[in-house]
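Q: Take this structure, written in structure tokens, and hold onto it; I'll ask about it next.
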Amino acid sequence: MTGSLSDEMVPMLARGVRLRGDQHRDATMLLAPERALKLDPVAEAIIREIDGERSFAELVDRLEAVFDAPRDRIERDVRDFLLDMAGRGMMELS
């Protein structure tokens, strides 16, 4: 997905969206009104770093410190994920 996401933009979960563990499915879910999304480990790691205060660049910095992967790959994956979630109405970017 292509789109605009500057380094200074701050991602946050949209109103009514929350992160929940599902013991029955042994999975972490992102829940929104009338929607649910099962998160893979990468998506979960991204969501857990979103606090509504960290910018996109800070989020990438934190994930780069945790994961042994090239920064450009982390940045691309995080950007694609955030833009996808914003397109689904589950993320706000300000």
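Q: Checking residue 78 against (1) without any contact (Cβ under 8 Å) to a residue 40 or more places away in the chain; (2) at positive phi; (3) not acidic (Asp, Glu), only one condition comes out false. Which one?
A: (2)
Q: Any chance segment 13-26 includes a residue that's polar (S, T, N, Q), at pLDDT 95 or above and outside any helix (DSSP H, G or I)?
A: Checked against the condition, which is being polar (S, T, N, Q), at pLDDT 95 or above and outside any helix (DSSP H, G or I), segment 13-26 yields no hits at all.
Q: Tell me, which residue of segment 44-77 that is aliphatic (A, V, I, L, M) and in contact with an Asp or Glu (Cβ under 9 Å, 6 or more places away or on another chain) is nearest to residue 21 (Cα to Cα)?
A: Filtering segment 44-77 for residues that are aliphatic (A, V, I, L, M) and in contact with an Asp or Glu (Cβ under 9 Å, 6 or more places away or on another chain), the one nearest to residue 21 (Cα to Cα) comes out as 46.
Q: Are any residues in segment 17-37 surrounded by 12 or more Cβ atoms within 10 Å (Cβ to Cβ) and more than 15 Å from the chain's Cα centre (by Cα), and if so, which ones?
A: If the condition is that a residue be surrounded by 12 or more Cβ atoms within 10 Å (Cβ to Cβ) and more than 15 Å from the chain's Cα centre (by Cα), then 22, 27, 35 are the ones that fit.
Q: Within segment 51-81, track down each residue that is more than 12 Å from the chain's Cα centre (by Cα), under 28 Å from residue 15 (Cα atoms), among the acidic types (Asp, Glu) and part of a helix (DSSP H, G or I).
A: Scanning segment 51-81 gives 58, 61, 64.
Q: Next question. State yes or no: is residue 40 in contact (Cβ under 8 Å) with a residue 12 or more places away in the chain, of a type in the set (Asp, Glu) and surrounded by fewer than 16 Cβ atoms within 10 Å (Cβ to Cβ)?
A: no
Q: Among the residues of segment 58-68 satisfying the criterion of being surrounded by 13 or more Cβ atoms within 10 Å (Cβ to Cβ) and not β-branched (Val, Ile, Thr), which is modelled with the lowest pLDDT?
A: Only one residue tops the list, namely 67.
Q: Oh, and also: Mind checking which pairs have a first residue in segment 83-94 that is part of a loop (DSSP other than H, G, I, E, B) and a second that is among the β-branched types (Val, Ile, Thr), Cβ under 8 Å, 6 or more apart or different chains?
A: Listed by first residue and then by second, the contacts come to 90/17; 94/10.
Q: So, one more: Restricting attention to segment 33-50, which residues are of a type in the set (Val, Ile, Thr) and either assigned to a helix (DSSP H, G or I) or at positive phi (or both)?
A: Selection gives 42, 46, 47.
Q: Would you check if there is a residue in segment 10-28 being more than 17 Å from residue 92 (Cβ to Cβ) and of a type in the set (A, V, I, L, M)?
A: Looking through segment 10-28, at least one residue is more than 17 Å from residue 92 (Cβ to Cβ) and of a type in the set (A, V, I, L, M).
The values are calculated or read from the model by the stated rules, or taken from the named source; none is laboratory data. Predicted, not measured: the structure shown is a model, and the values here were computed from it. Neighbour counts run over all protein chains shown; Cβ positions are idealised from the backbone, glycine included.
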